[in-house]
Amino acid sequence: MSDDIHAAEPTAALLLANARGFLRAPFHSSDRDVSDEQLHMVAISVELALKAALIAAGVSDRWNRDYIGHDLAKAADHAADYGFAVRERVRALIGIVHPHFMNGGFHHCRRHDCPKLARYARTIAAGLIDDVDRAIGNGLTRPNRPSPREERADDGR
């Protein structure tokens, strides 16, 4: 695990920078296709921010890829298990965007709802990124529990 710990800080910082980048796309149209794209970018941003929290808490990037994948709900649950306080509004956002994200898009939004949802989602994702950044700055570390590698060995992976 020591190699993972040395890589944690720069990797978490890179993931947070990428999460911020996904929120920087222009947001000036109420066109449904733009809203679909914005919601997809928000979902990616949420994924990257939660994975940054997990890495800061001591899991490896490889573990994130292999075990979390693109599962936002699983990422939030594990981030909370590893010491990051996931706000209820983030969990609510995940409840909305996760099913669409896992199925490849937001094509079933009603045309007038997508822009409002996209704006709300961006605000929540930006807050999540700030929360993760603050938690890392305050020394987010894994609580006293088995490493992900040990957990994986226990459940036969």
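The values are calculated or read from the model by the stated rules, or taken from the named source; none is laboratory data. Here the structure is a predicted model, which is why all the values come from computation and not from measurement. Here the Cβ is made from the backbone with ideal geometry for all residues, glycine too, and neighbour counts use every protein chain on show.
Structural remarks
- Among the residues making up the range 60-76, those that are of a type outside the set (S, T, N, Q), over 12 Å from GLU47 (Cα atoms) and surrounded by 15 or more Cβ atoms within 10 Å (Cβ to Cβ) are ASP61, TRP63, TYR67.
- In the range 110-144, of all residues being charged (D, E, K, R), out of contact with any Leu (no Cβ under 7 Å at 6 or more places or on another chain) and over 17 Å from ALA80 (Cα atoms), the one that is modelled with the highest pLDDT corresponds to ARG119.
- Across the range 1-31, the number of residues qualifying as under 21 Å from SER60 (Cα atoms) and modelled with pLDDT under 90 comes to 11.
- Scanning the range 44-90 for residues that are closer than 15 Å to MET102 by Cβ and touching a residue at least 60 places away in the same chain (Cβ under 8 Å) yields VAL46, LEU50.
- Matching residues in the range 78-104 - criterion: being at pLDDT 90 or above, part of a helix (DSSP H, G or I) and among the β-branched types (Val, Ile, Thr): VAL90, ILE94
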